[in-house]
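Here it is: the structure, laid out below.
FYI, it's all coordinate maths here, none of it is from the lab. Quick caveat, the model's predicted, so the values are computed rather than measured. Backbone-built Cβ (ideal geometry, glycine too); neighbour counts: all protein chains shown.
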Amino acid sequence: MTAADFRGPLDLVDYDESWPARFTYYRDELADVLGDVALRIEHIGSTAVPGLAAKNVVDILIVVRDEGATELYLPQVESTGLLLNYRDAAATWSFFRPATGPRNRHIHITSKGSSHERVQLLFVDFLRYHSLAADAYAALKRRLAVRFPDNREAYTGAKTEFIVDMLDRAEQWAAETGWTLDER
């Protein structure tokens, strides 16, 4: 396993109507190999927000009882052509991407009830319900893609302040609306 790889050009594209169908295909494939180990399989990231520009990579969150019990999911996920790229045991988060070929999907695995599960799903839901926030995020992403066309790490880092601000707003929205992981 290596550290997360940020190499390669940053190709930001307009929203693609095929992203939900691609997610469904990948979700079904993962559900078949994981069975009951997967408690939840969700479409996350920018491709999960209608109208939002994104890299042409479908991000998928898989929630398991214990991310640390890799023997329960690692062989199954790798059987779909994905490779464990990064694991942060302290954050109970594992990251997979295709072993070969184009980066068409990224898989994030985390433990049920982890902060990673909450943050990923809350951010997506907040952007889905707040078009002005999604539009501002899209504009920022486009500016940063021009500024950092070959530096994914700098691109990702430059989004951090905006994302932290949006997560603060999302937490306020969750408190006001009663949003919870179980009721989404």
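Pick out the one residue from 160, 180 that is surrounded by fewer than 18 Cβ atoms within 10 Å (Cβ to Cβ), free of Cβ contacts under 8 Å to residues at least 12 places away in the same chain and within 23 Å of residue 40 (Cα to Cα).
One residue alone meets the criteria, 180.
Right, next: On the given criteria, is residue 46 more than 18 Å from residue 78 (Cβ to Cβ), among the hydroxyl-bearing types (Ser, Thr, Tyr) and in contact with a Leu (Cβ under 8 Å, 6 or more places away or on another chain)?
Yes.
Within the range 130-145, identify whether any single residue is buried (at least 20 other Cβ atoms within 10 Å of the Cβ) and under 24 Å from residue 81 (Cα atoms), and answer yes or no.
No, the range 130-145 contains no residue that is buried (at least 20 other Cβ atoms within 10 Å of the Cβ) and under 24 Å from residue 81 (Cα atoms).
Among the residues of the range 5-48, how many are more than 16 Å from residue 97 (Cβ to Cβ) and charged (D, E, K, R)?
Number of matching residues: 9.
Restricting the search to the range 137-162, which residues are over 13 Å from residue 13 (Cα atoms) and either in contact with a Pro (Cβ under 9 Å, 6 or more places away or on another chain) or among the hydroxyl-bearing types (Ser, Thr, Tyr) (or both)?
Selection gives 137, 150, 152, 155, 156, 160.
Would you point out which residue out of 77, 49, 58 is more than 30 Å from residue 143 (Cα to Cα) and either more than 17 Å from the chain's Cα centre (by Cα) or of a type outside the set (Ser, Thr, Tyr) (or both)?
Going through 77, 49, 58 in turn, the sole match is 77.
Next question, about the same structure. Kindly provide the set of residues from the range 86-142 that are touching a residue at least 40 places away in the same chain (Cβ under 8 Å) and hydrophobic (A, V, I, L, M, F, W, C), ordered by number.
95, 107, 109, 119, 121, 122, 123, 124, 126, 127, 134, 138
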